[in-house]
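One structure below.
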Amino acid sequence: MYDAYVDGVHDLGGVAGFGPVRTAGSDEVASEDWELRAHALALQAAGESLRPWIEGLPPETYLAAPYFARWLLAIEELLFRRGAIHPDELVRYRDEIARGVRVVPRAESAELTALMSELMSAEQRLPRLAEARFAVGDRVCVRRERSSEGVNRCPRYVRGAVGLVERICGPELPLDRPKGASAETVYTVAFRSTELWGTGEEPAFTVHVDLTEHYLTGADHD
């Protein structure tokens, strides 16, 4: 698996050369039926966060694959690592389905449907946190180093930048901390565009980023 613990191709925020963000159809649940199947497979087969596996895809694969195709590729890699399926079996299945020898499996289960509905609608309750380290209005600086545990949730374009805490959002279980780590306070931090990218032809604007506490330090510290 591609090393997910370094800056990967998935961290595209603020990177030039990738064109405009396309939003057509973004209000639809899915553009094709197979995407919903991919979502269901992720909930059933993974049993853990797929983010490390998605971020671990080779750069050329990540950029070429549609969003839900990345989910499928991540699930395949996870199942390979678990020994649940062999890559040769997957190649054979694909060939047989393409030739019409094998029908795409389909199952309908009221019990499984109810379970999936519960998983999708369940509200995660997090513990009440102690007093937040920073307050609304505080100037904070984003740490330059990134975590070596799990996935990265801090865009690289804000690392080292100074911003202003605009909102205290509450607790979150960080995905890039060791298993068993405690929940942390999440802050909405406002950054001026000139702080992130310098001056340009367009007027300066504000960028809001939600960041967990371990990414931040006081603005007067390195």
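A short reminder: the numbers here are calculations on the coordinates, not readings from a lab. Everything numeric here is computed off the predicted structure, so don't read it as measured data. No Cβ is skipped: glycine too gets one built from the backbone with ideal geometry, and neighbour counts run over all protein chains shown.
At 7 Å along the Cα-to-beta-carbon direction for both residue 116 and residue 63, put a label point, then send me their distance in nm to one decimal.
Placing both labels 7 Å beyond Cα along the Cβ direction yields 3.4 nm.
Find the centroid of the Cα atoms in the range 195-216 and in the range 68-88, then give the distance between the two in whole Å.
Using only Cα atoms to place each centre, the spacing works out to 36 Å.
At 7 Å along the Cα-to-beta-carbon direction for both residue 93 and residue 167, put a label point, then send me their distance in nm to one decimal.
Result for the modelled spin labels: 4.1 nm.
Can you list residues whose amide H is under 5 Å from residue 186's amide H, if they're 5+ apart or on another chain and H is modeled 1.01 Å from N?
Excluding prolines and chain starts, which carry no amide H, the hits are 169, 170, 172.
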